[in-house]
Amino acid sequence: MSQDFRLDKIGLINRDKKISFKFNGKSYFGYEGDTLASALIANGVHLVGRSFKYHRPRGFFGAGVDEPYAIVQLYRNNETDPNVRATEQELFEGLEATSVNCWPSVNFDIGAINNFLNKFFPAGFYYKTFMWPKSFWYKVYEPFIRKAAGFGVASIKHDQERYEHKYEYCDLLITGSGPSGLASAYAAAINGARVILAEDKPRFGGSLLTSEVNIGNQSGKEWAEKIITELKGMPNVIVKNRAQVFGYYDHNMLVMSERINDHLPKSKKYSPKQRLWYIRAKEVVISSGSIERPLVFGNNDTPGVVLSSAAKEYLKVYGVLVGRNPLIFTNNDSAYETAIEFKKNGIWPIVLDTRSNPESEIIDEAKRMGIDIKFSYVVIAAKGYKKVKSAEIAKISEDKKDLGKIENLNCDCICVSGFWTPTIHLASQSGNKTKFNKEIDAFVPNQPKQEETTVGSANGVFNLEETLKKSFEVGHKLSKKITNKDNKVSVPQVVEKKTTQHDKFWCVPLPKGKKYKRFLDFQNDVAVTDIELALREGYRSIEHVKRYTTLGMATDQGKTSNLNGLQLVSNVENKIVPEVGHTTFRPPYTPVTIGAIVGREVGKHSKPTRKSPMHLWHEKNNAVFVDAGVWLRPRYYKRSNETLFEASKREATNVRKNVGVCDVTTLGKIDIKGPDAAELLNRVYTNAWLKLPVGKARYGAMLREDGIVMDDGTTTRILENHYHMTTTTAQAANVLSHLEYYLQVVWPELNVNVVSTTEQWAGAAIAGPKSRDVLQKLFPDINVSNEDLPFMGYIESNLFGVHARIFRISFSGELAYEVNVESDNGNFMWEKIMEIGKEFEIQPYGTEALSTLRIEMGHVAGSELDGRTIPYDNSLEGMVSKKKDFIGKRSLNREAFIAKDRQKVVGVVPLDKKTSIPEGSHLVKDANAKLPNPKLGHISASCWSVEYNNPFSLAILHDGKNMIGEKLFALSPLKNKSIAVEIVSSHYVDPKGERVRS
Amino acid sequence: MQKYSVFNLIKNAFTGHKNWEVAWKDPTPKSEYDVVIIGGGGHGLATAYYLAKEHNITNVAIIEKGWIGGGNVGRNTTIIRSNYMHDDNARFSEFGMNLWRNMSQELNFNVMFSPRGIINLAHSDAQMNVFSRRGNSMRLNGIDAVLLGREEVKKIIPMADFSENVRFPIFGGLMQPSAGTARHDGVAWGYARQADSMGVDIIQNCEVTGFDVVGGKIKGIRTSKGDIKANKVGLCVAGSTSILAEKLNMTLPVETHLLQACVSEPIKPILDSVVTFGAGHFYCSQSDKGEMVMGGDLDGYNSYAQRGNLPTLQHVLTEGIAMFPFLSKLKMLRTWGGIMDMSMDGSPIIDKTHIEGLYLNCGWCYGGFKATPASGWTFAHTIAQDKVHELNAGYSLNRFHTGHLLDEKGLGTKTWIS
Amino acid sequence: MLHIKCPYCGMRSQNEFAYGGDASVKRPELNKETTDSEWDSFVYLRKSLRGKHLELWHHISGCRQWFKVQRDTATHEIFKTLKPSEDI
């Protein structure tokens, strides 16, 4: 395929390197340095997609981030990306892309029928119809609309690419490498500041790449190259291309997305596809430039209607012609640069200028070159469906109300320029309220809210000399504040053409009898009539207009449409633009890959995984693990083809019969030291702590101030002023923060220090009637008889040379001990326990057996202490001190908490002694009552009682204490179960607690 | 009022849509109303509509500081559900579901209620049990709920992470098939249009600057557009509740926090249900336009700024990719934030106050959108009858004193922990 | 991301801290009679001011100290950070 629209010499592409690519299945080639857009235009492809609503043909409108049309599905390295802007995607060998939002093809799209019916689909039409019959919205209309909407297709394959994050601090962050960015970066860098210069595009230089100016006796482009080269060589400067600062957040934190490998056929090894930079900058210089505004006229969305600046960029950067017979339609001087560029390359443009008789250097030059200029002329409509073929033009009166005779002018593209809109997104995101500048008909930054300064055309300054002067000054001034240095650079001499005032006219009136659609938002098909309709219907706030018409809500976020929309609202409403106000700019400036925002925390790494020191042993011994928060705990140890039920029953039975060992490392552990430690515990726990002797442990429950149980556990007095607290696995972090809060904020007079030792100690619970035998063999140096180490006793000893803490505490309800050793010795301890326990038939047991053991003993745990229960509910009333005050005590006397029929934990046994009750079932009086069936309580935990060999559950039951002996039903409609049950005491096994004391 | 229908749409098409009437007028406030509702959001507009429709009280003004529907009704993720555990919440929200089902026809405004179902994913047996408790409770309250196993979930959302390389595998989920989404702006506009047609004055760009309280009774309000007399005033201002409460010398069990949400670029249909992640806070649905609508955690500190910070979104999207790995290749298009009136037990307040004639509607946390019709209906009843309806009896202010709390999550008073 | 000055460690990014809520709430003294309304306001009622707000933060991934921050809840501007014992 020949490149009919490529010029021979001009451009910055590398003509030595041809690149082949495919679009909609057809092969083409371009050059290194092309974008997909420039390569397609070079090949004469102007139709790339279809619009969102009316499926009108779509070509290219811009040459960068502002592009509303050219969205494609990209294929790269066996993966696909939806919604890629062809104007931003750099060409690489083997690139494949297809059009989106069209079927069966972009050339022949069935959806285009919408366009012929478009008068039935004005703004918000869907609010007025599709209501009958009632079920049709969800079943018929909505699926149809959903299918028609959307652009690209997401692949459900997992993303194979890697994304990284980087955190950086700097003195000055400069966003954009046009003349203003280069000048301020250079001035600041010379003055010793740490500078980051970010450029969104692959090439540095911004407008200098395409404008005909001289800076210090060089072309603008050469000057930019020189400055960039110098900056790159400076140790205090980071220069990044393909890097867009897309968000300006609080406290001068900005976020930049760097596209590292998107322009290559596949990502380089050890290199991420994209990198997200969190940058904390002392000062920010916003040099993001400006975007050309469209002019609005009939069918102004036809492929071939392009921004005049884009036409110039395609010419000067890529050597590509957007057309061979261009019509240039402008209300200002800048489009003349495009006209002159065409002419220099042997193409004769025609310029239509809405102004009657403007005079300036650049217009003079165009005239001198013999370019045909028609003043007081406008384009009324573009003609042609899939590509511009001609234009209807006419003379326009001085007051812009009356049109002359309509003439037809042949052309193959219309380059429009409606003047420039400063890119104020970052300033606005930072909190800057922005102000309307009447001179340029656009918003510019106002008082900065954070440490930000906007320079150049982003600040509404379009004159290069002034821009450079100001930017050098800003770079110097801001850096001086930080570095206290005063190294100045002299501002180079600038040669540029003087321009004159633009015309405050941007929307061409329709001639009588013509009903051309004049578009404002090109992607979402929002036309002038849509805005007028919204206003007519009372949607008058600019936010209502936006939401009702979807103006500016497309993937280009209204970069080319917002201001024209505002102007229209202000005209119709007869208000000045600042009174209409603009909608708020929010990050991101352009859409950012979600993978890049997330970074490396994907797959297995989406959350940390915490493992105990004995984890490898568990793995080797067929443990099946369960997630307990971010911890992994053995749930059971599988033997041959046992099920969970069989294994946990075996393990629990063995604890009741012989002895078992359980890894309890994950329990939270807090070391508490200080003369007031006992007083702290006394205030934190509901029971009394002042008289706990050294060498003794005690069970305690702590409340939140609202009276709800927060956590429970045992705390042991190791020394006079030294305690060891345990918490549940889930609440470990919260309890530590809780203690620190009271110590530091509420009771600073208490002399206590707390520190987490969860990870310092490995823990093993040895439980069962034979546990004392195991313990004695583990610690032959000490006497562990019931008298020497009674229930709730504590002793320290050494385990074959390893220091160990021994607690006689029990969660299983059996005679039990918990041994703690330093984490590094955890595995050693575990293996010793297994080795020595062998003769006593020791077996490891997991969390499932642990649950069984605690449930049948009626010990409450997380499923009962669920953040909604008070001590009474959990049968802990005996632990609530009447004498002393403690956290949350004052809340316990509330009406609902002391009600006679307050809920309480009870035991539940199925009448048939066979049917297990699913956890989460509810207890009711009448299984067949009509709905809503009043619920009396719920099953919080269920197990198979190994003691009695029948199912047993715990429940939190309304008026629980008076319900013992009652017959109820446990219902689980989800599992279609209705089970007749009897309410019993929650202490199903060993109600007197003799075993733990044996 | 002009009827919206396909016939009228066609008819108007031939006159260039020049004859559509305004959806609501832009009146100047009268000096006195029977009832003044402060707050032109979803709840305020619905309240005014039900005052007129159910109680024949039409001399009503809605006072809105900005533009109607500009608060949380226009800033949410459009989810509608009644999958609550506590009876008070379940009854209230299921009553609302019935209003949702008929809303488009009742309001003659297509609010696009789409009962596409919501799935809460579970990632452990323990979580399946917690969900069973809630699901069984729903069923016993007459609300639809289904417990799904891993394979059943996979059939509905095969694009979720069922691979080996997953931190928290999917065990199953709890689904409410009749839950869904609706077009948020349409809800506000639909109520506004009907309320306006029945005589309610919608006053926009009018800020309330003070209250007239005499002898423990409300007599009127002071606004930027002048004083307005009224013996009944309803406060319905979500995240701004504490600001107005301060003018009334009231301190409430409510804090204002920011919740962010975001959408991806539009893609072709891939997800039909609303799905919530069980190993963190992330939820996702796909809008009719094709955007993936995503939300999760609060920004985590008191905030009145309708703008948030990226780390929260990063955190939320991390969970998003953990649930739906395909999100990685999509691009985040738009982010926004809404300020939430977080109550101290996570449930709302619709009640009378110690000031006679002053009624309070707040504490919606991040569940306000789905409650719009039921909230409006019960608040209208409370105002009109000067007494709470049994549907909102549980939403009393006094519960923070008596201990009859409605804590669905069991998190207590740290409102910033979601 | 906020940039917070821990009174003990200096400027750190927000992700090192946990929020702790309204610092103007004072816990009634232990063992002292409190009325229902005093207790309810301590447990549940919050001014939740727009503008200057005195609040607690906890340097959990740092020195683990609680401290006070005076911050504007509308703009997030931080005016001052103090140790718990200090007053504005």
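Of note:
- Among the residues of region A:788-806, those identified as outside any strand (DSSP E or B) and more than 14 Å from A:Met834 (Cβ to Cβ) are A:Asp788, A:Leu789, A:Pro790, A:Phe791, A:Met792, A:Gly801.
- Put simply, of B:Tyr4, B:Tyr84 the only residue that is touching a helix residue (DSSP H, G or I) at 6+ places or on another chain (Cβ under 8 Å), touching a residue at least 60 places away in the same chain (Cβ under 8 Å) and at the interface with chain A (Cβ under 9 Å from one of its Cβ atoms) is B:Tyr4.
- Residues in region B:178-218 that are surrounded by fewer than 16 Cβ atoms within 10 Å (Cβ to Cβ) and either small (Gly, Ala, Ser) or away from chain A (no Cβ under 12 Å) (or both): B:Gly199, B:Glu207, B:Thr209, B:Gly210, B:Asp212, B:Val214, B:Gly215, B:Gly216, B:Lys217.
- Search result, residues across region A:578-602 that are at pLDDT 95 or above and either surrounded by fewer than 17 Cβ atoms within 10 Å (Cβ to Cβ) or part of a helix (DSSP H, G or I) (or both): A:Ile594, A:Gly595, A:Ala596, A:Ile597, A:Val598, A:Arg600
- Cβ pairs under 8 Å, 6+ apart, first in region A:689-706 and at negative phi and within 14 Å of chain B (Cβ to nearest Cβ), second of a type in the set (Asp, Glu) and not in a loop (DSSP other than H, G, I, E, B): A:Met702/A:Asp711; A:Met702/A:Asp712
- Members of region A:221-240 found to be free of Cβ contacts under 8 Å to residues at least 60 places away in the same chain and in contact with a Pro (Cβ under 8 Å, 6 or more places away or on another chain), listed by number: A:Ala224
- In summary, strands (runs of 3 or more DSSP E) completely within region C:1-59 and bearing 1 or more residues that are facing another protein chain (nearest Cβ under 8 Å), of a type outside the set (A, V, I, L, M, F, W, C) and more than 28 Å from B:Ala245 (Cβ to Cβ) occur at C:3-6, C:10-13.
- Considering region B:258-284, the residues that are under 30 Å from B:Ala126 (Cα atoms) and in contact with an Asp or Glu (Cβ under 9 Å, 6 or more places away or on another chain) include one that is farthest from the other protein chains (Cβ to nearest Cβ), namely B:Leu259.
- Within region A:104-136, considering residues that are among the hydroxyl-bearing types (Ser, Thr, Tyr) and free of Cβ contacts under 8 Å to residues at least 60 places away in the same chain, the one farthest from A:Thr529 (Cα to Cα): A:Ser135
- Residues that are aromatic (Phe, Trp, Tyr) and over 30 Å from A:Ile279 (Cα atoms) number at least 1 in the following strands (runs of 3 or more DSSP E) confined to region A:372-447: A:372-375, A:377-383.
Residue-by-condition table, conditions (1) within 9 Å of chain B (Cβ to nearest Cβ); (2) surrounded by fewer than 17 Cβ atoms within 10 Å (Cβ to Cβ); (3) within 28 Å of B:Met323 (Cβ to Cβ):
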{"site": "A:Ile113", "(1), (2), (3)": "no, yes, no"}
{"site": "A:Pro133", "(1), (2), (3)": "no, yes, no"}
{"site": "A:Phe136", "(1), (2), (3)": "no, yes, no"}
{"site": "A:Tyr163", "(1), (2), (3)": "yes, no, yes"}
{"site": "A:Ile196", "(1), (2), (3)": "no, no, no"}
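- Selection within region A:923-952 - more than 11 Å from chain B (Cβ to nearest Cβ) and part of a strand (DSSP E or B): A:Cys943, A:Trp944, A:Ser945, A:Asn950, A:Pro951, A:Phe952
- Looking only at residues of region B:309-344 that are within 18 Å of the chain's Cα centre (by Cα) and at the interface with another protein chain (Cβ under 7 Å from one of its Cβ atoms), we find that the one that is nearest to B:Val237 (Cα to Cα) is B:Met344.
- Of the criteria (1) more than 8 Å from chain B (Cβ to nearest Cβ); (2) closer than 28 Å to B:Leu327 by Cα; (3) touching a residue at least 40 places away in the same chain (Cβ under 8 Å), which one A:Pro608 fails: (3)
- Once region A:240-260 is narrowed to residues that are of a type in the set (Val, Ile, Thr) and buried (at least 24 other Cβ atoms within 10 Å of the Cβ), the residue that is nearest to the other protein chains (Cβ to nearest Cβ) is A:Val255.
- Condition met for B:Gly74 (more than 14 Å from chain A (Cβ to nearest Cβ) and in contact (Cβ under 8 Å) with a residue 12 or more places away in the chain): no
- Scanning region B:61-71 for residues that are within 13 Å of chain A (Cβ to nearest Cβ) and either farther than 10 Å from B:Gly39 by Cβ or part of a helix (DSSP H, G or I) (or both) returns B:Gly66, B:Trp67, B:Gly69, B:Gly70.
- All conditions but one from (1) surrounded by fewer than 24 Cβ atoms within 10 Å (Cβ to Cβ); (2) more than 10 Å from every other protein chain (Cβ to nearest Cβ); (3) under 26 Å from A:Phe121 (Cα atoms) apply to A:Lys575; the one that does not is (3).
- Of everything in region A:747-787 that is part of a loop (DSSP other than H, G, I, E, B) and of a type in the set (D, E, K, R), the residue that is farthest from A:Asn658 (Cα to Cα) is A:Glu749.
- Of all the numbered requirements in (1) of a type in the set (Val, Ile, Thr); (2) under 26 Å from B:Lys25 (Cα atoms); (3) more than 25 Å from the chain's Cα centre (by Cα), B:Ile203 misses one, and that requirement is (3).
- Count of residues meeting criterion [out of contact with any Phe, Trp or Tyr (no Cβ under 9 Å at 6 or more places or on another chain) and within 14 Å of chain C (Cβ to nearest Cβ)] in region A:433-451: 5
- Scanning region B:249-276 for residues that are touching a Gly at 6+ places or on another chain (Cβ under 9 Å) and among the aliphatic types (A, V, I, L, M) returns B:Leu252, B:Val254, B:Leu258, B:Leu259, B:Ala261, B:Ile267, B:Ile270, B:Val274, B:Val275.
- Within region B:140-173, tally of residues that are part of a loop (DSSP other than H, G, I, E, B) and without any contact (Cβ under 8 Å) to a residue 40 or more places away in the chain: 5
- A:Leu563 being away from chain B (no Cβ under 11 Å), surrounded by 23 or more Cβ atoms within 10 Å (Cβ to Cβ) and part of a loop (DSSP other than H, G, I, E, B): no
- Residue count for region A:611-647 satisfying the condition of being part of a loop (DSSP other than H, G, I, E, B), within 12 Å of another protein chain (Cβ to nearest Cβ) and free of Cβ contacts under 8 Å to residues at least 60 places away in the same chain: 1.
- Just so you know, in region B:127-158 the residues that are surrounded by fewer than 19 Cβ atoms within 10 Å (Cβ to Cβ) and at the interface with chain A (Cβ under 8 Å from one of its Cβ atoms) include one that is farthest from B:Met85 (Cα to Cα), and it is B:Pro158.
- Filter result for A:Glu88 (modelled with pLDDT of 95 or more, assigned by TED's automatic domain parsing to the domain that holds A:Lys18 and over 16 Å from A:Gln523 (Cβ atoms)): no
The values are calculated or read from the model by the stated rules, or taken from the named source; none is laboratory data. All of these numbers come straight from a predicted model, not from anything done at the bench. When we count neighbours, we look across all protein chains shown, and the Cβ atoms used for this are built from the backbone with ideal geometry, even at glycine.
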